[in-house]
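In what follows, a single structure is set out as structure tokens and then discussed.
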Amino acid sequence: MEEQVISISEIIDAVKKRWKIIALCTLIATLLSGIFSFFIIAPTYEASTKIFIGKEGAESEGYNSSDVSMYQNLLKTYSELIKTKDLVNRAIDNSEYDLSINNALSSISVNTVTGTQILQISYKSKSASIAKNMLENVTKEFIIKAQELVPNGNVQVLEHVELPEKPVAPNKTMNIAIAFILGIMVSFGIVFLLEYLDNTYKNKEQLE
């Protein structure tokens, strides 16, 4: 049996014949994504701060290469310290929120600014005020504990926590764009499947 080859013209004809399916699937996918992004998915807010890690008296004494290396390595230790259960528990206790420790820990992210002695700490929450207040509490508890561990250390807040005004998620534009593309892909797949299952002859040559 001779293998059937679909020509470009047949593909175009199939798309023209079933363009309503393509339009409907794309429209439904885009509308659903918009509804979920704007009305169903709760927005997530992120508060952030930056903290400098150094040594006391650095203004007059300065840093040598070993000091810089030591404090950059200390950033890794501090990054782990910030996400310890005891520290976060104290931050929760000093807040007015009824949060679980696991929820609070998963909301905290700590990043080191490459090549510097700066830590960037962030806290995500469905509430902008919770994100701000919890990050402030976590930062305070961290500074207290850091000074206990390294008494001659200099821990300073470089960027104070501000109330986040705009949510960081969901990315509504991105969600709708992805849904639009997926809708087109799925609709074309349906059209080609229907065309493959269609056993009618499309032209004189096929009939012969």
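From the phi angles alone, apply the Karplus equation (6.51, -1.76, 1.60; θ = phi - 60°) to segment 109-121 and give each ³J(HN,Hα) in whole Hz, x where the residue is Gly or Pro.
Once θ is set to phi - 60°, the couplings for segment 109-121 become 10, 10, 10, 9, 7, 3, x, 10, 10, 10, 9, 10, 10 Hz.
May I ask you to rank Asp93, Asp198 by accessible area, largest first, using a 1.4 Å probe over the protein chains only?
Working: Asp93 120, Asp198 40 Å².
My answer, sorted largest first, is Asp93, Asp198.
Just to be sure I understand the rule: take each whole DSSP H helix in the chain, project its Cα atoms onto its long axis, keep it if the span is 20 Å or more and its mean Kyte-Doolittle hydropathy is at least 0.5. Which ones pass?
Helices meeting the span and hydropathy rule in the chain are 19-35, 172-197.
Only one of the values [x] 28.8, 96; [y] 18.4, 59; [z] 17.4, 50 was calculated from this structure for Rg and Dmax of the Cα atoms in Å; name its label.
Given [x] 28.8, 96; [y] 18.4, 59; [z] 17.4, 50, the calculated one carries the label [x].
When the helices in the chain are scored as -39500 (n - 2.57) per DSSP H run of 4 or longer and the sum is shared across all residues, what 222 nm value do you end up with, to the nearest 500 deg cm²/dmol?
Working: 9 runs with 117 residues, N = 208.
Estimated from H runs of four or more residues: -18000 deg cm²/dmol.
Can you compute the modelled spin-label distance between Met70 and Leu27, with each label point 7 Å from Cα toward Cβ, in nm?
7.0 nm
Counting Lys +1, Arg +1, Asp -1, Glu -1, what net charge surrounds Ile92 among other residues with beta carbon under 13 Å of its beta carbon?
The answer is -3.
Only Lys, Arg, Asp and Glu count, each charged at its Cβ (+1, +1, -1, -1), so figure out the dipole size of the chain about its Cα centre, rounded to 20 debye.
460 debye
To the nearest Å, what is the center-to-center distance of segment 8-56 and segment 166-197, using C-alpha atoms only?
8 Å
Name the residue from Asn152, Ser106, Leu87 whose Cα lies farthest towards the positive end of the charge dipole of the chain, charges +1 on Cβ of Lys and Arg and -1 on Cβ of Asp and Glu.
Value: Ser106.
Just to verify a number: FRET efficiency for Thr116 and His160, C-beta to C-beta distance, R0 = 22 Å, to 0.05?
Result of the calculation: an efficiency of 0.75.
Simple spin-label model, 7 Å along Cα-to-Cβ: Ala42 to Thr84 in nm?
Output for this residue pair reads 3.1 nm.
Is there a pair in Lys20/Lys126; Lys85/Lys166; Lys140/Lys172; Lys55/Lys124 whose C-alpha atoms are over 32 Å apart, and which pairs would that be?
Lys20/Lys126; Lys140/Lys172
The values are calculated or read from the model by the stated rules, or taken from the named source; none is laboratory data. Because the structure is predicted, anything quoted here is derived from the model rather than measured. Backbone-built Cβ (ideal geometry, glycine too); neighbour counts: all protein chains shown. Only protein heavy atoms, including side chains, enter the accessible area calculation; ligands, DNA and RNA are left aside. Shrake-Rupley method; radii C 1.70, N 1.55, O 1.52, S 1.80 Å.
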